[in-house]
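A short write-up of the structure that comes next.
Bear in mind that the values in this text are calculations on the coordinates, not laboratory data. Source: prediction; values computed, not measured. Here the Cβ positions follow ideal geometry from the backbone for every residue, glycine too, while neighbour counts run over all protein chains shown.
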Amino acid sequence: MRGLGTAVNVATVVAGALVGVALGDRLPERVRTTVLQVVGLMTLVIGVREATATRNVVFPLGALLLGAVVGEALGIEERLESLGERLRRRAAPGEEPDGDGESGGTSPFVEGFVAASLLFCIGPLTILGSIRDGLGGPDASQLLLVKAALDGVVAVVFASTLGWGVGFSAISVLVVQGALTLTAGSADRVLTDRMVTEMTAVGGVMVLGIGLRLLDIRQVRVASLLPALVLAPIGVALFAR
């Protein structure tokens, strides 16, 4: 069944967030902080692993540099945070930004929505899993079902600290993976293994940025780098030999 993997993924993110929010009030602050730091550290490990997949660092570097320019020109980071803020006003009107840190007073709801949306929607499992899910056939949803299980566990940890915003990242998962699934035929014909490799490397660098955010080391504007995921395969198509 086409789209089954995305549907299950959305469900696991929502379910994980519900469990995490329920656990959050029962866990001491130091436990929640330490658990989130563990996720941040593992996110860095995953990012390093995927970033080093590149066969030529020039492709991810060029894509990220150009992607940053395009992303900042389009204001992607601000648009994503604005969406998170609108959702916060509807779902958690009593929560206000804390006004601390480099995030400029971003509320935990918005940070949870942004960080979870980026983490759940960047990476080879998202791209390859959605394409395979859209093409159908035996085991078409297998990759996304694996991703769904992983995302559900991460959602529990995220939501125990950052709250309901993590659950609303299921909207991002639905939109991104749903779009990839619907265009699977075209994407499969266009993307070569080399293109996917360099996209994976770009995604790895972005995942590193998410890890730095989770560890509160640096508020890397990861959303502004999203165009790099499109620019990387274009660069490969134009210049790879």
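Ranked by Cβ crowding within 10 angstrom, fewest neighbours first, how are Ile210, Ile46 ordered?
Working: Ile210 23, Ile46 18.
With the fewest neighbours first, Ile210, Ile46 line up as Ile46, Ile210.
Under the 0.36 nm per residue contour assumption, what length would be gained going from the current alpha-carbon distance of Thr52 and Arg221 to full extension?
Details: separation 169, 0.36 × 169 = 60.84 nm, distance 2.09 nm.
Extending this stretch completely gives an extra 58.8 nm.
Can you tell me the orientation of helix 29-51 relative to the chain, as the angle in degrees between its alpha-carbon axis and the longest Cα principal axis, to the nearest 10?
Once rounded, one gets 10 degrees.
Please build a GNM for the chain, connecting alpha carbons under 10 Å apart, and tell me which residue among Pro28, Pro60, Pro108 fluctuates the most.
Of Pro28, Pro60, Pro108, the Gaussian network model singles out Pro28 as fluctuating most.
How long, wide and thick is the chain, going by the Cα atoms along their three principal axes, in whole angstroms, largest first?
Largest to smallest, the principal-axis extents are 53, 39, 30 Å.
If you add up the charges near Gly40, with Lys and Arg at +1 and Asp and Glu at -1, over every other residue whose beta carbon is less than 10 angstrom from its beta carbon, what do you get? Please list the in-between numbers first.
Working: positive: Arg213; negative: Asp216.
It works out to a net charge of 0.
Measure nothing but the geometry: give the 0 to 90° angle between the long axis through the Cα atoms of 4-24 and the longest principal axis through the Cα atoms of the chain, rounded to 10°.
That works out to roughly 20 degrees.
Determine the gain in length on full extension of the stretch Met1-Leu150; use 0.36 nm per residue of separation and subtract their C-alpha separation, reporting nm with one decimal. All intermediate terms of the calculation are to be shown ahead of the outcome.
On the way: separation 149, 0.36 × 149 = 53.64 nm, distance 2.11 nm.
Full-extension gain reported as 51.5 nm.
Suppose R0 equals 45 Å; then what is the FRET efficiency for Ala15 and Leu238 from their Cβ-Cβ distance, rounded to the nearest 0.05?
Working from the Cβ atoms, E equals 0.60.
Once label points are set 7 Å from the Cα along Cα→Cβ at both Arg30 and Val230, what is their separation, rounded to one decimal in nm?
So the label points at Arg30 and Val230 sit 4.8 nm apart.
Evaluate the charge dipole of the chain about its Cα centre and quote only its size in Debye, nearest 20, assuming +1 on the Cβ of each Lys and Arg and -1 on the Cβ of each Asp and Glu. Intermediate results must be reported in sequence, preceding the final value.
Values: 19 positive and 21 negative charges, 114 e Å.
It works out to roughly 540 debye.
Springs between alpha-carbon atoms under 10 Å, Gaussian network over the chain: tell me which of Glu81, Glu50, Glu198 tops the mean-square fluctuations.
Residue with maximal mean-square fluctuation among Glu81, Glu50, Glu198: Glu81.
Testing the spin-label approximation: label points 7 Å from Cα along Cα→Cβ at Leu66 and Ala91. State their distance in nm.
3.5
As I understand it, the value is the acute angle between the Cα axis of helix 124-135 and the longest principal axis of the Cα atoms of the chain; what does it come to in degrees, rounded to 10?
Approximately 70 degrees, to the nearest ten.
Which of rounded, prolate or oblate describes the stretch 1-63 when judged by the alpha-carbon gyration tensor and an a/c cut-off of 1.5? Each step should come with its number before you reach the end.
Numbers: a/c = 4.25, a/b = 1.39, b/c = 3.07.
In terms of gyration-tensor shape, oblate.
For every helix of n ≥ 4 consecutive DSSP H residues, a contribution of -39,500 (n - 2.57) applies; sum these over the chain, divide by its total residues, and give [θ] at 222 nm rounded to the nearest 500 deg cm²/dmol.
Working: 11 runs with 183 residues, N = 241.
Theoretical 222 nm ellipticity from helices: -25500 deg cm²/dmol.
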